[in-house]
1. When you check residue C:417 against the structure, is it out of contact with any Ser or Thr (no Cβ under 8 Å at 6 or more places or on another chain) and of a type in the set (Gly, Ala, Ser), yes or no?
2. Do the conditions hold for residue C:382, that is, is it within 25 Å of residue A:251 (Cβ to Cβ), modelled with pLDDT under 85, among the small types (Gly, Ala, Ser) and within 27 Å of the chain's Cα centre (by Cα)?
3. Working carefully through the options B:291, B:277, find the one that is at pLDDT 70 or above, within 13 Å of another protein chain (Cβ to nearest Cβ), within 27 Å of residue B:150 (Cβ to Cβ) and crowded, with 23+ Cβ neighbours inside 10 Å.
4. For the stretch A:254-298, which residues satisfy the criterion of being more than 8 Å from chain B (Cβ to nearest Cβ), modelled with pLDDT of 80 or more and part of a loop (DSSP other than H, G, I, E, B)?
5. Taking the stretch B:170-190 as the search range and keeping residues that are without any contact (Cβ under 8 Å) to a residue 24 or more places away in the chain and part of a loop (DSSP other than H, G, I, E, B), which one is nearest to residue C:239 (Cα to Cα)?
6. Anything in the stretch B:69-103 that is of a type in the set (A, V, I, L, M) and assigned to a helix (DSSP H, G or I)? List them, or say none.
7. Yes or no: the stretch B:179-188 includes at least one residue that is away from chain A (no Cβ under 12 Å) and under 21 Å from residue A:291 (Cβ atoms).
8. Name the pairs whose Cβ atoms lie under 7 Å apart, with the first residue in the stretch C:198-212 and at positive phi, the second outside any loop (DSSP other than H, G, I, E, B) and at pLDDT below 95, and 6 or more positions between them or separate chains?
Amino acid sequence: MSAPAPAVAVAVADLPYAVPKRRGFFARFVTTHPLGAAGLLVIVAMILAGIFAEQVSPYDPLAVDYGAMLAKPSAEHWLGTDTFGRDVLSRIIHGARTALLVGFLSSFVGSTLGAAVGVASAYFGGRIDMTLQSLMDILISFPLIVLALAVVAILGKNIVFGLDLNLIIAIAIPMVPRVYRVVRSSGLAIREMAYIDAARTAGFSHSRIVFRHIAPNVVAPYLIMVTALVAQAILLEASLSFLGLGVTEPTAAWGLMLSGTADDFYQQAPWMIIFPGLAISLAVFAFNLFGDSLRDWLDPKIKL
Amino acid sequence: MLRYTVQRLLMMIPTLFGVAVLVFVMLRVMPGDIVELRLRAEGAQVTPEILAMERARLGLDKPMLAQFFDWMGGLLTGDFGISMWTGRPVAHEIAIRLELSLELAILATILATLIALPLGTLAALFKDRWPDRVISVFAIAGLAVPSFWFGMIIILVLLWNLNWIPPLTFTPLLEDPVKNLSQLIWPALAVGYRYSAVATRMTRSTILEVLQEDYIRTARAKGVFERLVVARHAMRNAMLPVVTVIGLEFAFLIGGLVVTEQVFNLNGIGKLFVNVLARGDYTMIQALVMLVAAFFIFVNFVVDLLYAVLDPRIRYG
Amino acid sequence: MKLHLVVMAAVATALLAPISAGAQTPKKGGELKFAVSAEPPDYDCHKNTSFAFIHPVRPHYSTLLKFDEAKYPAIVGDLAQSWQVSPDNLTFTFKLKPNVKFHDGSTLTSADVKASYERIVNPPQGVISIRKASYADVGTIETPDPLTVVFKLKKPNAGMLAQFASPWDCIYSAAKLKQDPKFPEKNILGTGPFKFVSHTAGSHWIGKRFADYFEPGKPYLDSFRAVFVGGAAMVNALQAGEVLVEFRGQSPANRDKLVAAVGDKVSVVETPWICNLVVGFNTEKKPFDDPRVRRALSLAIDRWQGSQALSKIALVRDVGGVLRPGYSLAAKESELVNYPGFSKDIKKSREEAKKLLQEAGVANLKFKFINRNVGMPYTPVGVFLIDQWRQIGVTVEHEQLETKLYQAALSSGNYEAGLDFNCDYMDDPNILLIKYVSADKSSVNYGRYNDRKLDDLYERQMRATDPTERTRLVREFEKHALEQAYTIPTIWWHRIIVYWKQMKGWHLTPSHYVGQDLAEVWLDR
């Protein structure tokens, strides 16, 4: 009986069959999910536009110019001007900043809160779960408009660094129950598994089990929800501003550009609404594409 | 299963109650009241006595708890009270506008379903090939486009090409069905696009799942025509989740209705909602919120039941 | 000789015949469709304040006197055949037209007039008479016979005659009021040219010609239909001719759009409006308790140039002080330019403004400016003002609130400065100057200040029945108010009405509450 042959490293080039090249993580993502990558590209462009808005915009978004009111798109104003003569393109670029900030912050706040409550609900179960479910049910069945109006009305406007914190809260609240549901069902699936019982029997503390076993498994749905909800937040902010409950004049925000005086004049000056609407659609579109690809990548089986 | 059903049914009651308390308190905590708005907003010289008198007439001077019990008592006997702005019964104000919104919602649903089912199936059948890509883009765009903006664009397009403007008053369905449908088709489209997008995606993913199931594979192996496979086996099973999603999204239509009715100038529940909110008409707002919430909760209940039937992991003893 | 006189008489008549548009013979028949952008909450004239009420409801009622639409502000009798004012201005005697019928067939007598006015002057328990304060000087109302009403005032009031022409003083049936003082809230029974037919909430309102109207031959229309629609939908309807007119006012852009689309089929009429936007300062909040700061903020505003620019995008246009430019008692331009903030030398004004701010110690003032969340004309004027203040180094945050919240903020004093309005149904200083009078006397003074000089001047001008004396007092009032700058007028609204040429017999007045009984309107089809 001879000793087993020693393991020898063999160069890939010497192998008699073809081995597919292993590309980097990012490259893999781009090739398997071209649409998602495109979405990511748009998102990055938006973020850059938001950060460098002052440098990139041709005009000051607040600069009123009575000489050029409702001007058609031209060489001076690529996308035309609005009722006050303000450059539409500049307002769209600055609007990206508002949209992203409001979108990210609301989504992050809402999702994190929802996830935390969802994990707690899934883990503790029983009466705590029932109570939390009822609370979330109440929240989710409350019409968004009333909720937003109430928050804005009761808390007023709390502007910090040019951003209305209370609007962010108003937009975040309806997200909480939605994230809660998804995270809870993921968490539930884990909880039912045998190894959690084993961990409890072994005497591991609640927090250890939650953080080491349950939480990692809900990270995927959480990330997916955050991305999807940024899109929702942008849409929501647009709707609220359209109804006059969101950002107000003279801030540059896409939803705001579609409401107010725009509503009276858009049939004569359609560029005033076409471009901001396209901006909203493009942003939400990009986030949705990216979110979809993210979901395919991380957890194709998830039911949202 | 029965226990779960009963549990969920019973949970509906405290949820509804919670909504009632929440809306009631929120309204009264918010600054500004309808009396000031109604009498003062046009600049008339109103003395504090007049304001106090109006408040007393509307019952706004009673302690909050008393007002709440008055309202709750009325609800239980089916009396929604009277509108604080017009003095007409709340039920009447809602009823005359409900027909239009319901019709719009149903029309949007029909449109959405008619678009979603064939498109979703097509996308599933041609997965990753160009029809799928095109349809997916169409669907994702539907989720991205703000419905009110889409409505404005529709109006613009119709204005330019057909010289069409949204009609002043809408002909009721029973009076002239053809005219009514021709008027409502456009707002239904505006609201329905988003709806169809969600349904299309759902149809696509469920059919994909079903198409991978073993028995479908067997059927295919037996040489049955692919189309037949889809038609007979896949569709039947895919229907349930799709119907579920269509049902759920119907509840979300309310949001779309509010903005679309503004854009198309429809005298429906959505527009009523915006108006009564602006006026601070407590009784109307409370009634509308309860209506919407009850609807939501009921639809959620039905959906939860269906999910429990489908996925045993969700239901627990 | 006789022939010569006859010819002269004929020529004289021909020359003196009215050249106005209504000179043709009115045609009978047809339904006038017009748009109203809001709906009346209930049907009681004495309680309501909105144009949304006047436009559909006014045609059902009559008042004692009314303004002559074509010759505003001349006054003619509506229910009154003739009237007399005693030399001491304390007794007003009205002789009513005979055989005036209510829509239910009953005959109007002085008792109905008395009951209606009693309700306005001294409302019974549970009834709201919102303009009660304007009738504080009315002492007794007597009815010596069924066709005569005598009002005895406690003190002379220079604006009282015009007050009787108020479009809000609908005459109700005494019998119905006796049965139920709140009858008019839900029921419409008047003596006006049109009978009430129906009100479909959220949709439209229909009134039908009253065959027994006391003006023979009128109304010319068979019926009218008020359609409740606003915004872009209303403009589209106007363009398509689905409604012939909207009686409140169009924005300049909509006017241009309509003229561009159907210019040959519509007429455009314009006038300064009895409505202006004012900036109100909360004098309880520093530094707005300092008149220098307030005056500085008024000086910074380039009203003359600004109004030109704003008039293109908003329904504002004219520069005026506390009274409507064009009104007989308002300041003329030569007088206006001497007031702080109204000089045409804006550079000089702004220099002075900066100096005043420096003196007051708030050179880099920052504050929050509240405004209504309404597009026209609040938003553009708000944006404009903030831009003007930026020119003197003042940073202002624009907070637009929903009307309900805005009203709450004003009433509770929870604001620093805000864009408010001062509008009313007629020009009389008694009504318009109330805005500036001390807070303990005026419920529309949101500035929370008391100024006895203004109160005194107001009282005196109210009692000054001699027009020259009254003008002088009003000028003094204005000068003091503008120097103290508690509440500063910025710009007056401009009423633009676009209507289809078919509609005749309607005349534009500076108030959208006046001239709306539709008795003279006819359709040229």
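1. On the way: out of contact with any Ser or Thr (no Cβ under 8 Å at 6 or more places or on another chain): yes; of a type in the set (Gly, Ala, Ser): yes.
Criteria met by residue C:417.
2. On the way: within 25 Å of residue A:251 (Cβ to Cβ): yes; modelled with pLDDT under 85: no; among the small types (Gly, Ala, Ser): yes; within 27 Å of the chain's Cα centre (by Cα): yes.
Criteria not met by residue C:382.
3. Numbers: B:291 fails: crowded, with 23+ Cβ neighbours inside 10 Å.
The match here is B:277.
4. Once the filter is applied, which keeps residues that are more than 8 Å from chain B (Cβ to nearest Cβ), modelled with pLDDT of 80 or more and part of a loop (DSSP other than H, G, I, E, B), the stretch A:254-298 yields only A:269.
5. Top of the filtered list is B:171.
6. Scanning the stretch B:69-103 gives B:72, B:75, B:76, B:90, B:91, B:94, B:95, B:96, B:98, B:100, B:102.
7. Within the stretch B:179-188, none of the residues are away from chain A (no Cβ under 12 Å) and under 21 Å from residue A:291 (Cβ atoms).
8. Matching pairs, first to second residue: C:202/B:96; C:202/B:97; C:202/C:228.
The values are calculated or read from the model by the stated rules, or taken from the named source; none is laboratory data. Just so you know, these numbers come straight off a predicted model, no measurement behind them. Neighbour counts run over all protein chains shown; Cβ positions are idealised from the backbone, glycine included.
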